[in-house]
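So the structure is just underneath, and the comments pick up after that.
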Amino acid sequence: SDSSSNSLDTITQDMVSLIKALSSGDTTGAKADLAKLKTDLAAQLASATAKNTATDMASLLKDLASGSTTSAKADAAKLKTDLEAQQSSSANQAATPLETVISKISDELTSGSVQGALQTLASYLVQNGQGTGTLLNTTA
């Protein structure tokens, strides 16, 4: 669980960098921060899914070896779900709310709307319980 908390820290750091760049009007920096956030999210998702797949594969092999058909069927179903999740994440579909927000911010930066990008990120953070403090109050 250490690696996942490090990944979350990385994602949080990327968001803070993005907020700072957006609030100072640094479009180039914001685009770079957004690209890093996308990359870090994809890596986090891929490693988590791969870890689940490996665990489920081990369970399946153990249950098959012990002759536990019912458990093996359950493991196989779980493994199938993990593999489908892995495929969908590698197909780069905007599935999670955060990926959707990142896509929207990217579009807003491309069109030059730094304020729009900042509001999108701020509203995402507020909706997900991270909107505390004065960091988001950039339009006062």
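Close Cβ contacts (under 6 Å, 6 or more residues apart or on different chains) running from residues in the stretch 99-113 that are more than 15 Å from Leu125 (Cβ to Cβ) and touching a residue at least 12 places away in the same chain (Cβ under 8 Å) to residues that are in a helix (DSSP H, G or I) and open to solvent by 70 Å² or more (accessible area, probe 1.4 Å) comprise Leu109/Lys31.
Mind listing whichever residues of the stretch 41-63 are surrounded by fewer than 17 Cβ atoms within 10 Å (Cβ to Cβ) and among the acidic types (Asp, Glu)? Within the stretch 41-63, no residue meets the criteria. Scanning the stretch 1-25 for residues that are modelled with pLDDT of 90 or more and among the β-branched types (Val, Ile, Thr) turns up nothing.
Residues that are among the aliphatic types (A, V, I, L, M), out of contact with any helix residue (DSSP H, G or I) (no Cβ under 6 Å at 6 or more places or on another chain), in contact (Cβ under 8 Å) with a residue 12 or more places away in the chain and closer than 30 Å to Leu125 by Cβ do occur in the stretch 19-30, at least one of them. Residues in the stretch 24-36 that are open to solvent by 60 Å² or more (accessible area, probe 1.4 Å) and more than 20 Å from the chain's Cα centre (by Cα): Ser24, Asp26, Thr28.
The values are calculated or read from the model by the stated rules, or taken from the named source; none is laboratory data. Bear in mind the structure is a predicted one, so any value in this text is a computation, not a measurement. All Cβ positions, glycine included, derive from the backbone under ideal geometry; neighbour counts span all protein chains shown. Heavy atoms of the whole protein, side chains included, go into the accessibility calculation; ligands, DNA and RNA do not. Shrake-Rupley method; radii C 1.70, N 1.55, O 1.52, S 1.80 Å.
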